[in-house]
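> To start, I am sharing the structure in question, which I have written as structure tokens.
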Amino acid sequence: MRNWSGSDLKLRLTLRVAAVSMLCFAAISGYLLIEADRSVRARIAAVADVAARTLELQQSKIQWLNNPRSDFPDLDGVAASVMAPGLCLAFRSNSGEISQRFCGGTQTDTAAPPQAFAALYRRLFDPGREAVRPVISRGQAIGEAVVWVDPAVLTAEAWHDAGRLMAVLMIALPLLCALVYAALSRALRPTRLIRDGLQRIAAGDLAARLPPFDLAELSAIGDVFNQLAERLATALSERNALTQKLIVVQDEERRHLARELHDEFGQSLAAIRALAASARLTAVQDCPPLLAECDGIARTATDMMETLRGALFRLRPPDVDELGLAASLEGLIAGWNSRSRGRQRFEIAISGSFERIPASTGANLYRIVQEALTNAAKHAGATRVMLRLEMRETASAGGGSEIMLAIDDDGRPGDPQGDPQVKSGMGLLGMRERVAALGGRLSFEAGQSNGASLRVSVPVAAGREAAFVERAA
């Protein structure tokens, strides 16, 4: 069965109208053929009645005149008045012998029908059937008046009538299809506006609205579309505000955790180092064999302090509002290069000025870069990561700027269902939430062989609004 899922609606409706029209033509043709056959049956039945009565009168005249030599049967008069092409008239005695027969000639200008049509017509209508009327004399049947029409003549006439209907169909059907297609194109023209509106909604333009339409059905669709667009815009605005508040709460919780680790755990490690140093001084004087253990405790405490400093740096990065986004990202890249010890290479390229961007925009972009670098280095196993940050002027009527962030790496590819960036830390989901709260766009593409690309675009005006939401929270 053919799949019509991608076909044009106007074409489908036009084809259905054409199919219905052909069925109607076929029904009309069948009806006309049935009526023509019924008319022929009625005509030959009437001729048979006339022929039988004529023969009965002849027989009565012979008996009244007592003239057995008179010609009987005599069908010349009947044949002269009713004879038509293909019509046959005969008298058949009780013994089955044909005493007299007249047949009209066939028309030579009538085209012979196709064999398939002739076979079908003969199967449906039995055109060679006879009309038989008994001839009664003195209360007894002396024979029969038989009338029939040559089947070839009836079949040719039926084909001729069907041919005229087919000619009408060949002319009328294309014209009808063209008119129907034009009418449907005009009636369904508003569907283009509906499609364009849906495409604008899919592209993120929630201000798209549909005008009222003439058709009630399309107008109802437009009303529902506009209501859904308004509700979606409201829901998205509320979601972005809530997401921004959650991000602010998350960052505040991280700062609080960083303070707790620094004040409690950091002080404890510092005390352990001091005790180890004191124990070493005592061991030098009283128990030299303990010097190695004291040095091991001091080294372990020092390593834990380094690990704690890295965790505190990730939990509470440098103040982007004071250092600026560009300087903070350069420091982040430098830190990754120092910790990788040559195993991985991180590069950064900055274009434009980022001194006047809102604090919320800078902090969120820093978090996005921080998470992306962590995922690329630790989970994707990238050996080279390139970070590009650019400030662009937008071409919109109101002016403004747009921050473009691009991160490319050569790490292992990940499928969308099991991507490492989704499983680790904030992942793509957290990045999308931050970008959505700033009113921007995010895209992530993983290569077939290796490498991945992250693209973030954030309007600066949206960042100011997000900063206001943060202050209000």
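> Using Cα-Cα distances under 8 Å and only pairs 6 or more residues apart, what relative contact order does the range 50-159 have, in percent?
On the way: 159 pairs, mean separation 32.5, N = 110.
Value for the range 50-159: 30 percent.
> Under a crude label model (7 Å from the Cα following the beta-carbon direction), how far is C103 from S351 in nanometres?
Result: 9.8 nm between the two label points.
> Here's another thing I want to ask about it. Answer rounded, prolate or oblate for the range 203-361, using the Cα gyration tensor with square roots of eigenvalues a ≥ b ≥ c: rounded when a/c is under 1.5, else prolate when a/b is larger than b/c, else oblate.
On the way: a/c = 4.37, a/b = 3.03, b/c = 1.44.
Prolate.
> Given (1) 25.4, 83; (2) 50.1, 176; (3) 24.1, 83, which label gives Rg and Dmax of the Cα atoms in Å as computed from the coordinates?
Answer label, from the structure shown: (2).
> Near G86, within a Cβ-to-Cβ distance under 11 Å, what is the net charge of the other residues, with Lys and Arg +1 and Asp and Glu -1? It would help to have the intermediate numbers written out before the result.
Details: positive: none; negative: D150, E157.
My count for the surroundings of G86 gives -2.
> Tell me, for the chain, which Cys residues have no other cysteine's C-beta sitting closer than 4.7 Å.
Within the chain, the cysteines lacking a partner Cβ under 4.7 Å are C24, C177, C287, C294.
> Follow-up question, since we're still on this one. Whenever you get a sec, compute what percent of the accessible area on the chain sits on carbon and sulfur atoms (1.4 Å probe). Please list the in-between numbers first.
Working: 16080 of 28600 Å².
Heavy-atom surface of the chain belonging to carbon and sulfur, 1.4 Å probe: 56 percent.
> Take the alpha-carbon positions of the range 107-221, form their convex hull, and give its projected area averaged over all directions (one quarter of the hull surface) in nm².
On the way: hull surface 64.1 nm².
Computed as one quarter of the Cα hull surface, the answer is 16.0 nm².
> Go through the range 341-383 and name the GluC sites (Glu not before Pro) that are in a DSSP coil and have 16 or fewer other Cβ atoms within 10 Å of their Cβ.
Answer in residue order: E355.
> With label points built 7 Å along Cα→Cβ from the Cα atoms of A271 and I62, find their separation and express it in nm.
Inter-label distance under the simple model: 15.0 nm.
> Compute the signed sum of charges (Lys and Arg +1, Asp and Glu -1) over the other residues within less than 12 Å, Cβ to Cβ, of V50.
Numbers: positive: R43, R53, R133; negative: D49, E56.
Residues close to V50 contribute a combined charge of +1.
> Excluding A203 itself, what net charge comes from residues whose Cβ is under 15 Å from its Cβ, given Lys and Arg +1 and Asp and Glu -1? Write out the running numbers ahead of the final one.
Details: positive: R195, R200, R209, R441; negative: D196, D205.
That sum, taken over residues with Cβ under 15 Å, equals +2.
> For Cα pairs less than 8 Å apart in space and 6+ apart in sequence, what is the mean separation divided by the residue count of the range 117-256, i.e. the relative contact order in percent?
Relative contact order comes out at 12 percent.
> With everything on Cα atoms, drop me the angle between helix 291-315 and the longest principal axis of the chain, reported from 0 to 90° to the nearest 10.
On a 0 to 90 degree scale, this one is about 50.
> If the chain between A311 and S81 were fully stretched, how many nm would it gain, using 0.36 nm times the residue separation less the Cα-Cα distance?
Between A311 and S81, full extension yields an extra 70.8 nm.
> Run the numbers on the chain and let me know its relative contact order in percent, using alpha-carbon pairs under 8 Å that are six or more apart. Kindly include the intermediate steps, with their values, before the conclusion.
Numbers: 566 pairs, mean separation 45.9, N = 473.
Value for the chain: 10 percent.
> Could you work out how much longer the chain between S21 and R239 gets when fully extended? Use 0.36 nm per residue separation minus the Cα distance between them, nm to one decimal. Present the calculation step by step, with values, prior to reporting the outcome.
Working: separation 218, 0.36 × 218 = 78.48 nm, distance 5.46 nm.
Additional length available on full extension: 73.0 nm.
> Counting only heavy atoms of the protein chains, get the accessible area per residue of the chain (1.4 Å probe) and round it to a whole Å² value.
Working: 28600 Å² over 473 residues.
Per residue, the chain has 60 Å² of solvent-accessible surface.
> Let me ask something else. In nanometres, what is the gap between the two model label sites at L193 and D205, each 7 Å from Cα along Cα-to-Cβ?
Computed distance between label sites L193 and D205 equals 1.5 nm.
> Can I ask one more? For R12 and D74, calculate 0.36 nm times their separation in residues minus their Cα-Cα distance, and state this gained length in nm to one decimal. Walk me through the numbers before you get to the answer.
Details: separation 62, 0.36 × 62 = 22.32 nm, distance 6.54 nm.
Fully extending the segment from R12 to D74 adds 15.8 nm.
> Select from the range 8-110 those trypsin sites (Lys or Arg not before Pro) which occupy a DSSP coil region and have at most 15 other Cβ atoms within 10 Å, ordered by residue number.
Details: sites: K10, R12, R16, R38, R41, R43, R53, K61, R69, R92, R101; in loops: R69.
Taking the range 8-110 and a limit of 15 other Cβ atoms within 10 Å, the loop trypsin sites (Lys or Arg not before Pro) found are R69.
> Using Cα atoms only, what is the angle between the long axis of helix 427-437 and the major principal axis of the chain, expressed in degrees (0 to 90) to the nearest 10?
Approximately 90 degrees, to the nearest 10.
> Okay, moving on. Along the Cα-to-C-beta direction of S95, a point sits 7 Å from the Cα; which residues of the range 38-67 have their amide N less than 20 Å from that point?
59
> How far, in degrees from 0 to 90, does helix 216-260 lean away from the longest principal axis of the Cα atoms of the chain, to the nearest 10?
The angle comes out near 20 degrees.
> For every helix of n ≥ 4 consecutive DSSP H residues, a contribution of -39,500 (n - 2.57) applies; sum these over the chain, divide by its total residues, and give [θ] at 222 nm rounded to the nearest 500 deg cm²/dmol.
Details: 14 runs with 280 residues, N = 473.
Theoretical 222 nm ellipticity from helices: -20500 deg cm²/dmol.
The values are calculated or read from the model by the stated rules, or taken from the named source; none is laboratory data. Quick caveat: nothing in here was measured; it's all calculated off a predicted structure. Every residue, glycine among them, receives a Cβ derived from its backbone with ideal geometry; neighbour counts consider all protein chains shown. Surface areas here come from the heavy atoms of the whole protein model, side chains and all, with no ligands, DNA or RNA. Shrake-Rupley method; radii C 1.70, N 1.55, O 1.52, S 1.80 Å.
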